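For reference, the structure discussed in these notes is given below.
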Amino acid sequence: MKATEDAMREFMAALSGCRTADELVRSLPSAIASLGKFDEAALAILPEGRGETFEAHCLSGKTCWSGPMPLVGSAVQAAVEKGAPLSEAGIGKYSNYFDVRKLAESSLESYAIFPLACEGKIFATLNLASSSEYTFTQEKIQQLAPACDYLAKLLYALMRSETARQHSTSAEIAHLLPHIFFSLDSDFRLFSVDGAPDALLGYSAAELAGMRISNIVHSDDYVRLDAVLRQLAGGSTVKDIDFTFIAKDSSHTRLELRGWRSNTRTYCLLLKPESGSSGGDGAGQGPGLAELVSDAVYTMDAFGVVRSWSKGAQKLFGYSEAEILGTEARRLFPNESTRELDEMIRKLKEGKGIVTSKTERIGKGGMQVNAYSSARALINDDGKITGYLEVLRDLGAEVELGEKERELREQAHRNKDLVGDLAQKDKFISDVSHELRTPLTNIHGYASLLKDGEAGALSKQQQEFMEIIYSETNRLSKLISDVLDLSKMESNKFALKLGLFDPRELEGLCSCESMAREKGLYVNWEFAQDVGEVYGDPAKLAQVLINLIANAIKFTSKGGVTVHVKNVSRTYAQFDVVDTGVGISQDEISKLFKRFSQLSAGVDRKGGTGLGLAITKELVRLHGGKVWATSEPGKGSTFSFSMRRSPPARKKKEK
């Protein structure tokens, strides 16, 4: 597995620095050697139009494919017509193809011919042969196919750029041919990322490593991506499939995916679509590639004077072509004394190939420009440097995003401190509450004994005092329990026993009949005919209803309380606690459900903790519902809350 991966990297590395098609052909023998041992290797350049011969360039071996050769009757023609790799084992001297007969006469036993296609047409083939009958297995064909795809892209770009001559800006851009090569693990996460991910998607190899491929593919392409990943997992090879990828700066770019399976690993190669590799050739074939890319592209001569300026450069820097052509490129740098330009040119003169860096530049009106720079020297046919090409990708959004990320990290740090503070607060409340409970329980217990005359008879005044002590300690004990419950609810440490149950079961538990009877009031329950089961904790919902009904009774002097239960949607049922009491003003409705909130309704408030409605709100929230109130002074009040009719749907796991 590792050998396959390393071989592909070595093959691409051997060819990536080639500046001309001739140089690529000279580099091919050593590059092909990294893919395996072959006794014959040749590159066949096909004729334009209906030519009858092809030109075979022998790369290594016995020269069975060499020089001008007839196309008709050859295995090369068969591979071209098939449009896919053609291979054969156990070849003989009586083959239908004359070039295969030549292989057999040279004691070669097998061959494979790979069509090289770009822009929808096959323009060449890579021909390989071996003295072993078992060299070109199906697995070997799959391993070689993506290397041939990469070769096709690069060779075609160089052949087109030579047509426009080496100093052509479009040719230089086409020559760069950025790509991403990576493996996929069983969860379809990228690892062993190589190539130029920064140039294509703005990510570094380290940033992409471990990321799911679905995270960088647009959601509109998920269905096709799923189908392709299934094909790859099944051992199939896929190619020429375009997807919309999401770059680091959230922009979208279309890339071709070529993938294959080797043993237990899946390998993928991302390239720009073929329409982008043609470039402009300067000979009336349409706009130059510099005008088709969104990045800023410009050239300067050997003296640093700007000679070409793309639309992308105009957009990034703000200078029009008329304003910048013929002026020194130094004006684009922070100050004219900077050594950045001189350092870049020095490295290019030393033959560094492509010089890349993150940089800050100056646009029109002193505008700051943050960009990623890729620069290379422009070389003529004599090998002399005639100027320099620079491509700049705008990093303004990335810088802004970085600032936002820094702010988010700081906020996360503050939140972490806040969480710690809240945890300390919860612990403090819990500790203090438990510490208070012990003496309070004792005080309450002894007060009860004294009140009941267990320590001797009390005078009337002493009896009144003990009643007050007993009542207030009971109130404090309830307050401590409420504070502890509320703290647990807000920190999601409050346990609910959720399940489906009939809400009619609550009628007998929550009617508060004795409390209502003391005031001569009624408590009625009305269930809509279609009401079925609800989803919740019956004990906690009973607590909610007791709170609401008891409050309604406190504020009602005649009439009573009615509890209505009905379905309001497929998902929710609704409980309404309606009273005929004094009502609540709009100003006081806003105080409801807040801690320690007491209404000034002229009713005796003795014994209340001010936490009942706050706890009610939290209990309903934990059930996934909402609580609210409507009222009008003198016309009673309605307290309502919603409750699920069934368990919530489980969230689907991410692919």
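The values are calculated or read from the model by the stated rules, or taken from the named source; none is laboratory data. Worth saying up front: this structure is predicted, and the values here are computed from it rather than measured. For neighbour counting, all protein chains shown are included, and Cβ atoms are generated from backbone atoms with ideal geometry for every residue, glycine included. Note: accessible area is taken over every heavy atom of the protein model, side chains too, but ligands, DNA and RNA are not part of it. Shrake-Rupley method; radii C 1.70, N 1.55, O 1.52, S 1.80 Å.
Based on this model, can you work out whether G73 counts as open to solvent by less than 50 Å² (accessible area, probe 1.4 Å), over 22 Å from M159 (Cβ atoms) and of a type outside the set (A, V, I, L, M)?
yes
Can you tell which of E518, E490, E507 is open to solvent by 40 Å² or more (accessible area, probe 1.4 Å) and modelled with pLDDT under 85?
Checking each option against the conditions leaves just E490.
Within region 492-507, which residues are farther than 17 Å from G532 by Cα and either of a type in the set (F, W, Y) or part of a helix (DSSP H, G or I) (or both)? Give the steps one after another, and end with the answer.
Step one: list which residues in region 492-507 are farther than 17 Å from G532 by Cα, which gives 492-497.
Of everything in region 492-507, just one residue is farther than 17 Å from G532 by Cα and either of a type in the set (F, W, Y) or part of a helix (DSSP H, G or I) (or both), namely F494.
Would you check if A313 is in contact with a helix residue (DSSP H, G or I) (Cβ under 9 Å, 6 or more places away or on another chain), open to solvent by less than 10 Å² (accessible area, probe 1.4 Å) and either closer than 18 Å to I362 by Cβ or modelled with pLDDT under 80 (or both)?
Yes: the conditions hold for A313.
Can you say whether S569 is of a type in the set (G, A, S), farther than 22 Å from L509 by Cβ, at pLDDT 85 or above and touching a strand residue (DSSP E or B) at 6+ places or on another chain (Cβ under 7 Å), as far as the supplied structure shows?
No; evaluated as a whole, the condition is false for this residue.
When I173 is evaluated against the numbered criteria (1) aliphatic (A, V, I, L, M); (2) buried (at least 23 other Cβ atoms within 10 Å of the Cβ); (3) modelled with pLDDT of 85 or more; (4) not in a strand (DSSP E or B), which criterion, by number, is the only one it fails?
With respect to (1) aliphatic (A, V, I, L, M); (2) buried (at least 23 other Cβ atoms within 10 Å of the Cβ); (3) modelled with pLDDT of 85 or more; (4) not in a strand (DSSP E or B), I173 is out only on (3).
Would it be correct to say that L15 is touching a helix residue (DSSP H, G or I) at 6+ places or on another chain (Cβ under 6 Å), surrounded by 15 or more Cβ atoms within 10 Å (Cβ to Cβ) and assigned to a helix (DSSP H, G or I)?
Considered against the rule, which asks whether it is touching a helix residue (DSSP H, G or I) at 6+ places or on another chain (Cβ under 6 Å), surrounded by 15 or more Cβ atoms within 10 Å (Cβ to Cβ) and assigned to a helix (DSSP H, G or I), L15 comes out as yes.
Would you tally the residues in region 80-92 being over 20 Å from K239 (Cβ atoms) and assigned to a helix (DSSP H, G or I)?
The qualifying residues number 0.
Would it be correct to say that K554 is under 23 Å from E526 (Cβ atoms) and either of a type outside the set (D, E, K, R) or more than 44 Å from the chain's Cα centre (by Cα) (or both)?
So K554 passes the test.
Would you tally the residues in region 195-219 being assigned to a strand (DSSP E or B) and either buried (at least 18 other Cβ atoms within 10 Å of the Cβ) or out of contact with any strand residue (DSSP E or B) (no Cβ under 8 Å at 6 or more places or on another chain) (or both)? I'd like the intermediate steps shown before the answer.
Applying the first criterion (assigned to a strand (DSSP E or B)) to region 195-219 yields 195, 212, 217.
Those left that are additionally either buried (at least 18 other Cβ atoms within 10 Å of the Cβ) or out of contact with any strand residue (DSSP E or B) (no Cβ under 8 Å at 6 or more places or on another chain) (or both): 195, 217.
Total meeting the criteria: 2.
Table: residues versus (1) open to solvent by less than 50 Å² (accessible area, probe 1.4 Å); (2) more than 17 Å from A152 (Cβ to Cβ); (3) part of a helix (DSSP H, G or I); (4) not β-branched (V, I, T).
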{"residue": "T4", "(1), (2), (3), (4)": "yes, yes, yes, no"}
{"residue": "S27", "(1), (2), (3), (4)": "yes, no, yes, yes"}
{"residue": "K37", "(1), (2), (3), (4)": "no, yes, no, yes"}
{"residue": "L43", "(1), (2), (3), (4)": "yes, no, no, yes"}
{"residue": "E55", "(1), (2), (3), (4)": "no, no, no, yes"}
{"residue": "W65", "(1), (2), (3), (4)": "yes, yes, no, yes"}
{"residue": "A78", "(1), (2), (3), (4)": "yes, yes, yes, yes"}
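If the Cβ limit is 6 Å and pairs must be 6+ apart or interchain, which residue in region 168-188 that is under 29 Å from G387 (Cβ atoms) pairs with which residue that is modelled with pLDDT under 80 and assigned to a strand (DSSP E or B)?
Hits for this filter: H179/G195.
State all residues of region 348-378 that are of a type in the set (V, I, T) and in contact with a strand residue (DSSP E or B) (Cβ under 6 Å, 6 or more places away or on another chain); if no residue qualifies, say none. Steps first, answer last, please.
So in region 348-378, the residues of a type in the set (V, I, T) come out as 354-356, 359, 362, 369.
I354, V355, T356, T359, V369, listed by residue number.
Looking at region 136-151, is at least one residue aliphatic (A, V, I, L, M) and part of a loop (DSSP other than H, G, I, E, B)? Walk me through it before giving the result.
Start the filter on region 136-151 by keeping residues that are aliphatic (A, V, I, L, M), which leaves 141, 144-145, 147, 151.
Cutting the leftovers down to part of a loop (DSSP other than H, G, I, E, B) gives us none.
Scanning region 136-151, I find no residue that is aliphatic (A, V, I, L, M) and part of a loop (DSSP other than H, G, I, E, B), so the answer is no.
Would you check which residues across region 105-133 are farther than 16 Å from Q77 by Cα and in contact with a strand residue (DSSP E or B) (Cβ under 7 Å, 6 or more places away or on another chain) and list them?
Matches in region 105-133: L108, E109, S110, A129, S130, S132, E133.
For region 88-126, enumerate the residues that are small (G, A, S), under 21 Å from L144 (Cβ atoms), open to solvent by less than 20 Å² (accessible area, probe 1.4 Å) and without any contact (Cβ under 8 Å) to a residue 60 or more places away in the chain.
Those that are small (G, A, S), under 21 Å from L144 (Cβ atoms), open to solvent by less than 20 Å² (accessible area, probe 1.4 Å) and without any contact (Cβ under 8 Å) to a residue 60 or more places away in the chain: S110, A112.
Select, from A112, A89, the only residue that is of a type in the set (A, V, I, L, M), touching a Pro at 6+ places or on another chain (Cβ under 9 Å), modelled with pLDDT of 90 or more and at negative phi.
Answer to the selection: A112.
Is at least one residue of region 538-549 of a type in the set (V, I, T) and part of a loop (DSSP other than H, G, I, E, B)?
Keep residues of region 538-549 that are of a type in the set (V, I, T), which gives 544, 546, 549.
This time we only want the ones that are part of a loop (DSSP other than H, G, I, E, B), so: none.
Looking through region 538-549, none of the residues is of a type in the set (V, I, T) and part of a loop (DSSP other than H, G, I, E, B).
Sort out which residues of region 225-266 are part of a helix (DSSP H, G or I) and either more than 23 Å from Y150 (Cα to Cα) or open to solvent by less than 40 Å² (accessible area, probe 1.4 Å) (or both), and write them in order of number.
Quick first cut of region 225-266, residues part of a helix (DSSP H, G or I) only: 225-233.
If the condition is that a residue be part of a helix (DSSP H, G or I) and either more than 23 Å from Y150 (Cα to Cα) or open to solvent by less than 40 Å² (accessible area, probe 1.4 Å) (or both), then L225, D226, A227, V228, L229, R230, L232 are the ones that fit.
What number of residues within region 630-651 are surrounded by 10 or more Cβ atoms within 10 Å (Cβ to Cβ), within 24 Å of T556 (Cα to Cα) and not hydroxyl-bearing (S, T, Y)?
So the count comes out to 6.
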